[in-house]
Amino acid sequence: MAQATPSLDGDAQERLLREGRIKARGLMPDCSNYTYLAHVRGAEGAETLGVYKPAQGETPLDDFPDGTLGKREVAAYLVSAALDWQVVPLTVYRTQGPLGPGSLQQFIVADISEHYFTLMPERAADFRTMAAFDVIVNNADRKSGHCLLDGDGHIWGVDNGLTFHPLPKLRTVIWEFAGEEVAATLRRDAQRLADELVAGEGCAATLRRDAQRLADELVAGEGWVKSLLQLISGAEVRALAQRARRLADEGRYPEPSSRWAYPWPLI
Ligand SMILES: Nc1ncnc2c1ncn2[C@@H]1O[C@H](COP(=O)(O)OP(=O)(O)O)[C@@H](O)[C@H]1O
Ligand SMILES: [Mg+2]
C-alpha cells in the first residue's frame, strides 16, 4: 500500500489532505465508529494515507450532538496547532468524500506495541503536554492506545472526537500528574490561547450582526478562531477559553473526580 510521499512540506501535505481524492480502503481495527484507513491521491501523483471518519458512520451518543465528532476531531487539531504543542496529527474536514462529509487525519505509522502505559514514565514530559491539552479540550476519551509513537519518536494523540463539551467531562488514563504544578511555558501558551479565543469569538459575535464582507476582513487576524466557529458552537468556544484560562491561572493538573474519570477499556 502507498506510503506518504516523503518530500512534501507541511503546506503541501495539508493541501493533499484537503484536496486529494479519498479512497476508503478498509475499517481500522478497534474502531467504535465507521473509521476508515484511506488512500489519498493528489495532483501530480502525490499520495498519503489518512484516517477518514465520515459523519454518517458515527455511532450516536447521548451526550454529544449527532454527526459532530469529525468536526471535533478537526477542532482538536486547530487547538493543538494554535498552542504549537503538536499533540494532534494534521486533520482537515472534507465536505465531500466517498462516504460523505467527515474528518480526514494524517495516518501515523506507529509502533503498535507502544502506548501510554508502555511509554511512561520515560516520556512523562510529553504526557504532561498531552494531559494539559486534554484538560483544555475537555477530552472525554483519552485511552492508552490513543497515544501513538511514530518513527521519529514523536508521540501523537488520536481519536479526539469526544471533546469540547461545555460541561466537565475529562475522562483519561493520564492521571499521574494530578495535583502537580503545570509548567510555566504550558501555562503561558494556555493564556495566549484563551486571549486569542476571546478576541476571535467576541469579534465574530459582534460582526455577525454586520455585513459578511466586513466580518471577513476584521476577523481575518484571528483566522483560526473563525475556522473553529465553523466546527463547534460559540458556547463551546467560550467554555474552551475558560478552561484554558483556568489552567493558566490555577496552574495545577486536576484530580480525578470519580470513577467516571477513567475510560473503558483503558487501552
Ligand atoms: N491518525 C492515525 N494514525 C494511525 N492510526 C490511527 C490514527 N487514528 C486512529 N488510529 C488507529 O485506529 C484505531 C481506531 O481509530 P479511532 O480514532 O479510535 O476511531 P473511533 O472514532 O472509531 O473510535 C485507533 O485505536 C488507532 O489505533
Ligand atoms: Mg476509538
*Residues of region 120-153 being crowded, with 16+ Cβ neighbours inside 10 Å and small (Gly, Ala, Ser), which ones?*
ALA131, ALA132, ALA140, SER144, GLY145
*asked:* Taking the conditions exactly as written (more than 11 Å from ligand 1 (Cβ to nearest atom), under 22 Å from LEU229 (Cβ atoms) and in a loop (DSSP other than H, G, I, E, B)), does ALA82 satisfy them or not?
replied: no
_I'm trying to understand the selection: among the residues of region 74-127, which are of a type in the set (A, V, I, L, M, F, W, C) and free of Cβ contacts under 8 Å to residues at least 12 places away in the same chain?_
ILE112, ALA125
*Counting only residues that are surrounded by fewer than 22 Cβ atoms within 10 Å (Cβ to Cβ) and in a loop (DSSP other than H, G, I, E, B), which one in region 154-169 is nearest to ligand 1 (Cβ to nearest atom)?*
HIS154
*Taking the condition aliphatic (A, V, I, L, M), farther than 19 Å from LYS71 by Cα and without any contact (Cβ under 8 Å) to a residue 40 or more places away in the chain, does ALA46 pass?*
no
*Collect the residues in region 145-196 that are in contact with a Lys or Arg (Cβ under 6 Å, 6 or more places away or on another chain), under 17 Å from VAL237 (Cβ atoms) and polar (S, T, N, Q), keeping them in residue-number order.*
THR163
_Tell me whether region 24-42 contains one or more residues that are surrounded by 22 or more Cβ atoms within 10 Å (Cβ to Cβ) and away from ligand 1 (no atom under 11 Å from the Cβ)._
yes
*Within region 170-194, can you find the residues that are of a type outside the set (A, V, I, L, M, F, W, C) and either outside any strand (DSSP E or B) or at pLDDT below 95 (or both)?*
ARG171, GLU176, GLY179, GLU180, THR185, ARG187, ARG188, ASP189, GLN191, ARG192
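The values are calculated or read from the model by the stated rules, or taken from the named source; none is laboratory data. Only a predicted model underlies this, so the values are computations on that prediction, with no experimental measurement involved. Glycine also receives a Cβ, built like all others from the backbone with ideal geometry; neighbour counts cover every protein chain displayed.
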